[in-house]
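Report on the following structure.
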Amino acid sequence: MTNASLFERDEVNRIRLHVKPTKQFKTFAISVYIGQPLSEQTVTSTALIPFVMRRGTSALPETKQFREKLDDLYGAGFGFDVYKRGDYQIVQFRMDVIHDQFVAGAEGLLRQGFEFVGSTIADPLVENGAFREKYVTSEKDTLKKKLESIINDKIRYAAERCTEEMCSGEPYRLYPLGRLEDLPSIDPASLYSSYNNWLAEAPIDIYVVGDTTMDEVKRLVTAAFKIDRQGAARYDKKVVHPQARATKEIVERLDVSQGKLNMGLRLPITYVDEQYPAALVYNGILGGYPHSKLFINVREKASLAYYASSRLDGHKGILTLQSGIEIANFEKAKDIMQQQLEAMVQGDISDLELSQTKAMIANQLRESKDSAFETIGLDFNAQLSGRDRSVEQLIAATEAVDVAAIKQVAEQVRLDTIYFLRDRKGGQ
């Protein structure tokens, strides 16, 4: 057990186990993280796999049976997400099931929960050495619609395109749900082959928060996850920071009435670094909250933006700025956004900006302790990066950040890409 996280750690069959015994919650929270390096060859098939998995298992081959089983477990919740953390594509399965003592006559609900998750992941429905064709065809269509929907959400589209342009040539450019052009070539047999390789080789982390023990979880995982893991990999915790280059400006034209101005910035600081708490405060003051410089100066004072914010990816060392503007205000908005970056370099930060940001960060971190899945997510981020910090330690570290530390972060930020989505009319 580490003093920082209070999670107990162990390993079974090259699957890393993380258990937090606690009576704080009335449920057991189970999270299974399966990671894979982002790659053109695997990104779409890996994204599709959990969609097919949710349709049925060997024991519950029909989707209706699969869903009814959750009702039998007193309304247990089950779902999955596919996202990226740094240069890794992560599939996360989540399940919460109520503790036996709160349901009259129930017993072994944690065991049954693990049997359900384990069969979903390790024993999906297979017919003639492949996934069921009907399910694969249906879920390919589901994924296709999700990918096509991005273009209709212009805020999201602009954010993805800015990242794609900024990180061209890097795995991070890839969208975690894959690529439309890959879907036609995926069939039930090829997807099942991809699934077997993925499950055998990918790093797997299983988390449990609830009134249990590591010994119990080890027994349950051993029984529920029968997988050949001989070649299982580990996460590479090294982060590659590309060399600085001249800022590039990309203008894309679509049928839009509102412009989207995004900026991509490089920051050679990630979660593992000592400067990470200062980078958190930097992002908060720049654009993380409603009192931030981008929001106040671009949106409120200059009335140039419908929204203006920033986001820090602490696993990759990338900072992105997002704004929605009138198309004619491109140059003005761009200038004011860059002025805010320069203000951070100069240490033009008020005591109020600093105190409000620290308070917001501390409140968010404290609130995470009231959620089992938030607690799990924070710890997984720490394990993925190689730096184990507790909520209390991270709060204390951000509280200690001063203007000088923020200036040191600001001096390392490099504007890499300016992306502007505008209408098809007009000149440059």
Exercise. Looking at segment 225-242, is at least one residue touching a helix residue (DSSP H, G or I) at 6+ places or on another chain (Cβ under 7 Å), hydroxyl-bearing (Ser, Thr, Tyr), assigned by TED's automatic domain parsing to the domain that holds ASP123 and surrounded by 13 or more Cβ atoms within 10 Å (Cβ to Cβ)?
Worked result: no
For this session: Say whether the condition of being among the basic types (Lys, Arg), out of contact with any Lys or Arg (no Cβ under 7 Å at 6 or more places or on another chain) and part of a helix (DSSP H, G or I) is met by at least one residue in segment 78-92.
Result: no
Exercise. Counting only residues that are touching a helix residue (DSSP H, G or I) at 6+ places or on another chain (Cβ under 7 Å) and crowded, with 21+ Cβ neighbours inside 10 Å, how many does segment 88-97 have?
Worked result: 4
Problem set entry | Count of segment 144-182 residues which are farther than 22 Å from ARG266 by Cβ and touching a Phe, Trp or Tyr at 6+ places or on another chain (Cβ under 6 Å) | 2
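Go through segment 34-78 and give me each residue that's acidic (Asp, Glu) and within 23 Å of ASP141 (Cα to Cα).
Scanning segment 34-78 gives GLU40, GLU62.
Yes/no matrix, rows are residues, columns are (1) touching a residue at least 40 places away in the same chain (Cβ under 8 Å); (2) among the hydrophobic types (A, V, I, L, M, F, W, C); (3) more than 25 Å from MET214 (Cβ to Cβ):
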| position | (1), (2), (3) |
| --- | --- |
| PHE80 | no, yes, no |
| ASP96 | yes, no, no |
| VAL103 | no, yes, no |
| GLU115 | yes, no, no |
| PRO124 | yes, no, yes |
| ARG132 | yes, no, yes |
| TYR135 | yes, no, yes |
| GLU139 | yes, no, yes |
Exercise. If you go through segment 120-135 one residue at a time, do you hit one that is touching a Pro at 6+ places or on another chain (Cβ under 8 Å), acidic (Asp, Glu) and closer than 25 Å to ASP205 by Cβ?
Worked result: no
For this session: Starting from segment 307-331, take each residue that is of a type in the set (S, T, N, Q) and list its partners that are assigned to a loop (DSSP other than H, G, I, E, B), counting only C-beta distances under 6 angstrom and pairs at least six apart or across chains.
Result: ASN329/LEU304
Exercise. Is it the case that GLN364 is under 26 Å from LYS260 (Cα atoms), surrounded by fewer than 21 Cβ atoms within 10 Å (Cβ to Cβ) and among the polar types (S, T, N, Q)?
Worked result: no
Exercise. Out of (1) over 21 Å from LYS226 (Cα atoms); (2) of a type in the set (Ser, Thr, Tyr); (3) under 21 Å from the mean Cα position of the chain (by Cα); (4) buried (at least 21 other Cβ atoms within 10 Å of the Cβ), what's the single condition that is false for TYR135?
Worked result: (3)
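The values are calculated or read from the model by the stated rules, or taken from the named source; none is laboratory data. What you see is a predicted model, and the numbers here were worked out from it, not measured in a lab. We place every Cβ from the backbone using ideal geometry, glycine too, and count neighbours over all the protein chains shown.
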